[in-house]
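See structure below.
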Amino acid sequence: MGLPDPFARILVEGTTQEYTTEICKASLDPRWNSHYDLFLGKNDNIIISIYNHRKLHKRQAFLGCVRIVASGIQLLRDTGCKYLLVSLIGKILLHLRQQGTSKVSFGVCDM
């Protein structure tokens, strides 16, 4: 049994906006450095799920997730960067930048 091949799936709840990062081969410390433009309403939530591509068709593929509610998104907009706990041993660093009234630049960055 080898190391996982993690990737992240980012989606805005209730919309068709969904993005998937590259797969980090054999890594316990994935670094995606990916940026996505999300169009958010004032009540929209973001879900970031982490999966193991190696076991994608099995239950063990799911590694964890974070749901960022609308009020948390506003807090991230105000502070810029934030570490989010995915599991007891996992973190994601997010960077949000507001562009206009509803467009948010969203980054899954290395830690």
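The values are calculated or read from the model by the stated rules, or taken from the named source; none is laboratory data. Since the model is a prediction, treat every value here as computed from it, not as a measurement. All Cβ positions, even for glycine, are placed from backbone atoms using ideal geometry, and neighbour counts span all protein chains on display.
Summary table
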{"read-out": "Test: residue in segment 21-40 that is surrounded by 13 or more Cβ atoms within 10 Å (Cβ to Cβ), among the hydroxyl-bearing types (Ser, Thr, Tyr) and assigned to a loop (DSSP other than H, G, I, E, B)", "value": "yes"}
{"read-out": "Condition broken by residue 46, with the remaining ones in (1) more than 18 Å from residue 65 (Cβ to Cβ); (2) hydrophobic (A, V, I, L, M, F, W, C); (3) buried (at least 16 other Cβ atoms within 10 Å of the Cβ) satisfied", "value": "(1)"}
{"read-out": "Enumeration of residues in segment 33-57 that are of a type outside the set (Val, Ile, Thr), modelled with pLDDT of 85 or more and within 12 Å of residue 5 (Cα to Cα)", "value": "51, 52, 53, 54"}
{"read-out": "Within segment 21-43, considering residues that are charged (D, E, K, R) and under 21 Å from residue 69 (Cα atoms), the one nearest to the chain's Cα centre (by Cα)", "value": "37"}
{"read-out": "Pairs, first closer than 12 Å to residue 39 by Cβ in segment 7-18, second β-branched (Val, Ile, Thr) and crowded, with 17+ Cβ neighbours inside 10 Å, C-beta under 7 Å, six or more apart", "value": "12/46"}
{"read-out": "Segment 1-20, residues that are surrounded by 12 or more Cβ atoms within 10 Å (Cβ to Cβ) and of a type in the set (D, E, K, R)", "value": "5, 9, 13"}
{"read-out": "Criterion (assigned to a strand (DSSP E or B), more than 10 Å from the chain's Cα centre (by Cα) and at pLDDT 85 or above) met by exactly one of 63, 11", "value": "63"}
